[in-house]
1. Output the 0 to 90 degree angle, nearest 10, between the alpha-carbon long axis of helix 3-18 and the longest principal axis computed from the alpha carbons of the chain.
2. Apply 1/(1 + (r/R0)^6) to the Cβ-Cβ distance of Trp286 and Ala148, taking R0 = 41 Å, and write down the FRET efficiency to the nearest 0.05.
3. Based on the Cβ-Cβ distance from Tyr336 to Phe277, what FRET efficiency comes out when R0 is 25 Å, to the nearest 0.05?
4. So who's got an amide H within less than 5 Å of the one on Ser317, skipping anything under 5 residues away but keeping other chains? H placed 1.01 Å off N, in plane.
5. Ser246 to Glu33: extension gain in nm, 0.36 nm per residue of separation minus the Cα-Cα distance?
6. Ignoring everything except DSSP H segments at least 4 long, calculate the 222 nm mean residue ellipticity for the chain; use -39,500 (n - 2.57) per segment, divide by total residues, nearest 500.
7. Classify region 246-330 as rounded, prolate or oblate, taking a ≥ b ≥ c as the square roots of the eigenvalues of its Cα gyration tensor: rounded when a/c is under 1.5, otherwise prolate if a/b is larger than b/c and oblate if not.
8. Measure off 7 Å from each Cα along the Cα-to-Cβ vector at Met303 and Ser223, then give the distance between these two points in nanometres to one decimal.
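Rule-based calculations on the coordinates, nothing more; no lab input. Everything quoted here is computed from the prediction, not taken from an experiment. Using ideal geometry, Cβ is built from the backbone for each residue, glycine included, and neighbour counts are taken over all protein chains shown.
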Amino acid sequence: MTKLSLTVLAACAAGAAFADKIVLSSGSVLTGETGAISGNVMKFKSDDLGDIEIKLEKIKSIDKAKNHVVQYLDGTKADCVLDIRDGALWTGDTKLDMAKVKAVDPVLETWHGSINIAYNAARGNTYENSAAVIANAVRRWEKDRLTADFGYYYADSGKSSSSAEKTSDRWEAELKHDHFWWEKVYHYENGRFDRDEIQDLDWRYRLGVGLGYQWLENRVFESTGKWNFNQEFGINWIKERYADGSGKDGGFAALRYAHHFGYNPKFYENVELFHNFEILPEVDDWEKLFVKTDAGLSTKIIMDFDLLAKIEWDYDSKPSADRKKSDLRYIVGLGYKW
């Protein structure tokens with residue numbers, strides 16, 4: 001046997017010796033390199049399959065225990081040598097109590113978000129265009145969270161392009177900051193801008209502060225999936241002006257209640273169901289109030305591209321003259337999520 005052949009064999013033997021080996025519940029064996037554990041899923045770079053994700057419940061054993069960062073619900077972190085046995089995480093002879101764990105190998109602080117575009121057109125006896133651009137971005141630090149939202153909605157309709165009239169022309173943008181004083185309790189500041197030409201709303205600005213409670217944040221339950229839910233109470237200062245001269249551009253105070261819900265079911269984690277609700281009654285005139293709510297889902301199509309489908313409802317109890325109090329929108333669009 002040549003010297004080169006011996007060198008190659010030695011290199012292969014060394015690679016096999018240092019490779020991680022996972023035994024699945026089915027009895028199959030995978031070799032490769034283990035990665036981070038997120039929720040109930042471990043990243044794994046397989047020698048045969050490439051980069052894959054394996055649910056912990058599918059893993060019977062792993063031949064090498066490795067260091068991982070465990071973040072607990074009380075905010076503390078610990079570097080632990082974790083082993084996997086029969087779908088559970090162990091530190092030595094002690095089974096890790098997942099009821100006390102917020103995350104294993106928590107995601108590094110980075111921006112997450114999405115941008116979705118919906119468009120519809122009709123030509124012939126009816127000339128119609130409708131479009132929507134919806135974007136959001138969020139970043140979570142240990143004690144702070146920053147959220148930005150943007151939306152633009154346009155539509156026109158008629159018998160021809162020359163006779164088409166706008167039926168929707170609406171802008172909205174919001175920026176919100178949360179600071180967590182305890183694990184679940186935070187205060188927030190938010191600012192928002194709205195403009196709706198069809199509603200004759202030239203502009204509406206509002207600034208607010210309040211308190212929030214994060215009941216669930218990316219909390220994974222083995223039987224159901226991942227949950228997010230928070231509630232907020234606060235007060236806003238609102239200034240607005242309508243095209244007919246009505247509105248209160250001098251400003252007024254309004255109370256604010258809001259909640260935000262998100263759910264990724266266990267049976268298909270690439271689907272996210274969501275519901276958001278916000279109501280703002282004026283302090284000095286309880287008959288004047290705003291309501292904004294939506295509900296829907298987004299689902300991964302391929303790579304980082306997703307499909308968004310949702311219903312939005314806005315309510316203004318005292319709109320401009322000859323305008324309806326509520327607007328209902330159905331939106332289906334394609335987008336990119338990061």
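1. That helix lies at roughly 60 degrees to the long axis.
2. Approximately 0.85, to the nearest 0.05.
3. Calculated value: 0.45.
4. Leu289
5. Computed gain between Ser246 and Glu33 is 70.1 nm.
6. Only helices count here, giving -1500 deg cm²/dmol.
7. Because a/c hits 1.5 or more and a/b exceeds b/c, region 246-330 counts as prolate.
8. Distance between label points: 4.0 nm.
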